[in-house]
Structure formats: structure tokens, C-alpha cells
Amino acid sequence: MTEDVDLDQGFYRSATLVGFTAILMWSLLAALTVATGAVPPFQLAAVCFAIGGALGLIWTGIRGELRLLTGQPLSVWLHGVGGIFGYHFFYFTALRHGSPAEVSLIAYLWPLLIVLFSAALPGHRLKVHHVVGAVLGFVGVAVIVLGRGRGLIITEPVGYLAAGACALIWSAYSVSNRIFSKVPTSLVTGFCLVSSFLAGICHLLFEQTLWPQTALAWWAVLGLGVGPVGLAFFVWDYGCKRGDLRVLGAGAYLAPLLSTAALLALGLESPRLSIIVAAFLITGGAMIAARDLIRRRSSASR
């Protein structure tokens, strides 16, 4: 019996680590997006979702699971496409109607909401250190975002509403993945392809087409499609369904910190004291929230 429990805990930790790799990939989102040049956001999303979906088709085909992409209930598709495309639709809408700093800060409430919403799930009893870790992470992100300055753009009410919708949609999608735990992760392939189609429609309605102008920009588009807007959704789906959502939620605040570090390394961001302060807050918050997993691992290694 003890061995079975250890195996379950090991699987739980492994699934959490798999989900965490999505956070690492999302940390490259800003740098790769900057490298794509002036490609409109919905057009970029359509292309990247198509790349991620195409790779998913190859992976699903190799696993012999293509048949799983058909015959799924409508609720499954509404959940998956609503989460992945819905988040991006409202995020781009928020950016069109507000300050990027304010919009990003509101949208990045989703990790904290994941931690709070996870309390409703079986086996996810919320403890004080989970909330403390998530709150510290949010404060750290606030330090990063507000340290850049608010800029000259005034956020309209629709911008605030759209940013709030982002936080609610992605946190609800991530937590409710537990309800759809029987749905195979390979179905994310279909979610990406449908999201690509919908993003393409939005591009035709709201934007003018502008393709990447350099080889570097094309490589950046490919990198986005393979990683942050491709594989990341697959591993996040797996981690949310089988790992510790409280740890993943708090750990997600590492993404903007690592993203800022990547921009610094590439010379696209200026060093600031606020980044150092944020690094301590976010890293400390993530370690506090992950205290249970860290203790289990150290105990298992003895």
C-alpha cells in the first residue's frame, strides 16, 4: 500500500513538473513576439496556432489517436477552444483599448485565481502557504509591470473588462480541466486548429495582413508555434489534469520574471531595481507555494 502511495505521489510531482515546462516556454513569448516584427497579433496567433496544431497532428498520428479528434461532445470543444482562443481574443481586445502595463497586470491575475479556484477541487485543500505564495507572486509581477511606467495610453472601460475576462477565462479553463480529466491531451491538437481558424477570421475582420520581413522574424514565428503557442498548451493541459494546480498557479508568476530576464539578455529591456525586488518576491512566493512538493521530494530521497 505504501509503495502505491509513493508511486501516486511521484506521478503527481512528475505531472506538476510537466505542466511547469509550459511556464518556461511562456517566458519566451515576449522575446519571440518582439522578434517577429510588426506582424498583427491575430494574424500571428492564426499562424502560430496552425503550426502548433500541425505538430499536434503529427504527434497524435504517431500515437494512433487521430480518431480521438472526432466524436467528442460539444462541451469538450467549447471548453478547450473557449479557453485557448477565448483568452487570446480578449487579451488582444484589451491591448487595443488600453495601456499594455495595466492590461497585463489585470490579465495576470489568472495564476492567483487558479490557486483560489483550486480549493473547490477534491484533494486540493487550500492552505495558507498556497495563498501567501500566490499573493507574493502577484505583488512581484505588479512590481515588474508598474516599474515600466503606465505610459501615455489611457485604458478604456472595455480594456479593463477584456483584461478581467482574460484572467477569469484562463483560470477557469485551467481549473476545470480537472472536470475533463478523461479527455486525452491529444485533443489540444483540435483546439489549436480551431483557434487558428477563428484567429484568422478575426485577422481578416480587424487587421491588415503584414508578413515577417526577415529570416529571423520567420524563425521567431516558427519558435512561437512550436513552443509558447504550441507545445506549451499540451503540457499545461497534462499538468492541470494530473498535477498540483496550487503549485502551478503560484509558479506561473515566474513566467513574467523569466520573460523580463530574456528581454534583458537580448538587450530589449533595461536593468532596474524593481526587477531584482520582483525576482525575490516571485521566486520566494513560488517556493512557499511549492513547500509540500519540495518536502515530499526531500523525504523520498532519504
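Over the chain, DSSP H runs of length four or greater, each weighted -39,500 (n - 2.57), average out per residue to a 222 nm ellipticity of -24000 deg cm²/dmol.
Fewest-first ordering of Lys127, Lys182 by other beta carbons within 10 Å of each residue's beta carbon gives Lys182, Lys127. Rounded to 0.05, the FRET efficiency of the Ile58 and Ala261 pair, given R0 = 30 Å and the Cβ-Cβ distance, is 0.40.
Counting neighbouring beta carbons within 10 Å and listing from fewest to most, the residues Ile169, Ile282, Ile201 come out as Ile201, Ile169, Ile282.
Taking amide H as placed 1.01 Å from N in the peptide plane, Lys127 has no amide H partner under 5 Å among residues 5 or more places away or on another chain. A full extension of the chain between Ser270 and Trp219 corresponds to an added length of 15.9 nm, given 0.36 nm per residue minus the alpha carbon distance.
For the peptides 206-217, 240-251, 225-236, the ranking by packing is 240-251, 225-236, 206-217, with the highest mean count of neighbouring Cβ atoms within 10 Å listed first. Counted as membrane-span-like here are DSSP H helices of the chain whose alpha-carbon atoms extend 30 Å or more along the helix's own axis and whose Kyte-Doolittle mean is -0.5 or above; these are 2-26, 41-62, 74-96.
Taking other C-beta atoms within 10 angstrom as a stand-in for reagent exposure, Thr36, Thr93, Thr283 fall in the order Thr283, Thr93, Thr36, fewest first. Put simply, the convex hull of the Cα atoms in the chain casts, on average, a shadow of 17.1 nm².
The numbers here are math on the coordinates, done by the rules we state, and not lab data. Just so it is clear, the structure is predicted and the values come from calculations on it, not from any experiment. So basically every Cβ, Gly included, is an ideal-geometry build from the backbone, and we count neighbours across all protein chains shown.
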